[in-house]
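Working notes for the structure below.
The numbers here are math on the coordinates, done by the rules we state, and not lab data. Every value quoted in this text rests on a predicted model; they were computed, and no experiment measured them. Using ideal geometry, Cβ is built from the backbone for each residue, glycine included, and neighbour counts are taken over all protein chains shown.
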Amino acid sequence: MKIPLKVNGRTTEVEAEPSTMLVDVLRDELGLTGPRATCGVGLCGTCTVLLDGQPVSSCILMAPLAIDKEITTIEGVPADDPVMAAFDRHHAFQCGFCIPGMVLTARDMVTSNRAGNREQIREGLGGNLCRCGCYVKIIDAVEEAAQ
Ligand code: FES
Ligand code: FES
């Protein structure tokens, strides 16, 4: 089927099976490799994208369900974004694999004023796993961005 999508402010259309997951469309059809398919079952957060501003796991969302929604991947986040800048300043990463999902989830928390203290930040990022264990610096960065 043809699937019209609005990604990072641009309207596009892909041809895919209705059961194709959004992460596969973004990566394989649109070349957006920020969302990473890792666990494939909605548990690790590496495939996180924003759908109408809300973080979702794109590995468990069938692409047709994103029709008429605004999809934002890390590629759509401006380079001078305050959350990204805070991650940079705090060196809140090692390999960087989890960072696109972390930043998108953190941006949602910061823009909706849900990053009030370190415990809230930890809880808010609970669905985003970092295998390098950078949690302390990541929380430092989000805490700063939220101020
Ligand atoms: S790859 Fe989607 S949550 Fe892990
Ligand atoms: S920085 Fe390596 S997985 Fe998070």
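The table below gives the values:
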{"read-out": "The range 82-146 - percent relative contact order, Cα under 8 Å, separation 6 or more", "value": "51"}
{"read-out": "Longest exposed-site-free window of the chain, the sites being trypsin sites (Lys or Arg not before Pro) in a DSSP loop that have at most 14 other C-beta atoms within 10 Å", "value": "1-113"}
{"read-out": "Computed [θ] at 222 nm, helices only, for the chain once each DSSP H run of length n ≥ 4 contributes -39500 (n - 2.57)", "value": "-8000 deg cm²/dmol"}
{"read-out": "Radius of gyration and maximum dimension Dmax of the chain, Cα, Å", "value": "14.9, 45"}
{"read-out": "Sum of side-chain charges, Val103 neighbourhood, beta-carbon under 12 Å (Lys, Arg +1; Asp, Glu -1)", "value": "-3"}
{"read-out": "Exposure proxy ranking, count of Cβ atoms within 10 Å, fewest first, for Glu119, Glu75", "value": "Glu119, Glu75"}
